[in-house]
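Engineer: Sharing a structure here in structure tokens format.
Only the coordinates and a few stated rules stand behind these numbers; no lab work does. Predicted, not measured: the structure shown is a model, and the values here were computed from it. We place every Cβ from the backbone using ideal geometry, glycine too, and count neighbours over all the protein chains shown.
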Amino acid sequence: MKKYLTILTLFIGTSVLAQPNEPELTELKANQREETLEQQQPTYEAVIVGAFKAGNATKIASFFSENIDLSILETENLYSKSQAEQILKNFFLNHKPSDFVIVHKGKTGSSEYFIGELTCDDAIYRVTINSKSEAGIKEITALTIELN
């Protein structure tokens, strides 16, 4: 009888240990998926750098606030998002970019800024971008492009 009791105890103990706890396994897989999705998302900084290198005014303008303080060479004013996008498109049409490098950046509270060098076919320009974050959404509030 002892022999059967020992075998029964071993059988029950082994089968309990052999069964994975399904909620923990599902939770682990969900966490791994979330981390993978976050890793695939490019950062705000990487998107801006890529957009300037490509001369993609539409991508840059997607981060503009509804009104933006825009200063590009001789043009300086407070513009609507769509007006600023058109002015930036014109700039890229006249000055084809080939590279963009951030040389300095800073952050204070919900405000962030980048200073970069935009290399174009005709000159090197200094770019200053000021942005703010509200509810996790970054918006460019001011953009300046001037000869370096």
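Engineer: Give me a comma-separated list of calculated 3J(HN,Hα) values for the range 87-103, in order, Karplus coefficients 6.51, -1.76, 1.60 applied at θ = phi - 60°, integers in Hz, x for any Gly or Pro.
Structural biologist: 5, 5, 4, 4, 4, 5, 5, 8, 9, 5, x, 10, 7, 8, 10, 7, 9
Engineer: Once fully extended, how much extra length lies between Lys105 and Lys89, figured as 0.36 nm per residue of separation less the alpha-carbon to alpha-carbon distance? It would help to have the intermediate numbers written out before the result.
Structural biologist: Working: separation 16, 0.36 × 16 = 5.76 nm, distance 2.44 nm.
Taking Lys105 through Lys89 to full extension adds about 3.3 nm, to one decimal.
Engineer: If you place +1 on the Cβ of every Lys and Arg and -1 on the Cβ of every Asp and Glu, how big does the dipole about the Cα centre of the range 39-148 come out, in debye to the nearest 20? Could the numbers behind the result be given before it?
Structural biologist: Values: 10 positive and 14 negative charges, 61 e Å.
The dipole of the range 39-148 has a size of about 300 debye.
Engineer: Further question on the same structure: Extension gain Arg126-Thr58, at 0.36 nm per residue separation less the Cα-Cα distance, in nm? Walk me through the numbers before you get to the answer.
Structural biologist: On the way: separation 68, 0.36 × 68 = 24.48 nm, distance 1.99 nm.
Between Arg126 and Thr58, full extension yields 22.5 nm more.
Engineer: 7 Å from Cα along Cα→Cβ at both Lys96 and Tyr113: what's the point-to-point distance in nm?
Structural biologist: So the label points at Lys96 and Tyr113 sit 3.3 nm apart.
Engineer: Let me ask something additional. For all pairs of alpha-carbon atoms in the range 56-148, what percent lies in each bin of width 10 Å, listed from the first bin to the last filled one?
Structural biologist: 17, 51, 29, 3
Engineer: Sticking with this structure for a sec: Roughly speaking, what is the stretch gain from Ala142 to Gln41, that is 0.36 nm per residue apart minus the C-alpha to C-alpha distance, in nm to one decimal?
Structural biologist: Numbers: separation 101, 0.36 × 101 = 36.36 nm, distance 2.44 nm.
Between Ala142 and Gln41, full extension yields an extra 33.9 nm.
Engineer: Could you tell me which of the pairs Lys89/Lys132; Lys105/Lys132; Lys53/Lys89; Lys53/Lys107; Lys81/Lys132 are separated by over 20 angstrom between their Cα atoms in the structure shown? Present the calculation step by step, with values, prior to reporting the outcome.
Structural biologist: Working: Lys89/Lys132 23 Å; Lys105/Lys132 13 Å; Lys53/Lys89 13 Å; Lys53/Lys107 23 Å; Lys81/Lys132 15 Å.
Checking Cα-Cα distances, Lys89/Lys132; Lys53/Lys107 exceed 20 Å.
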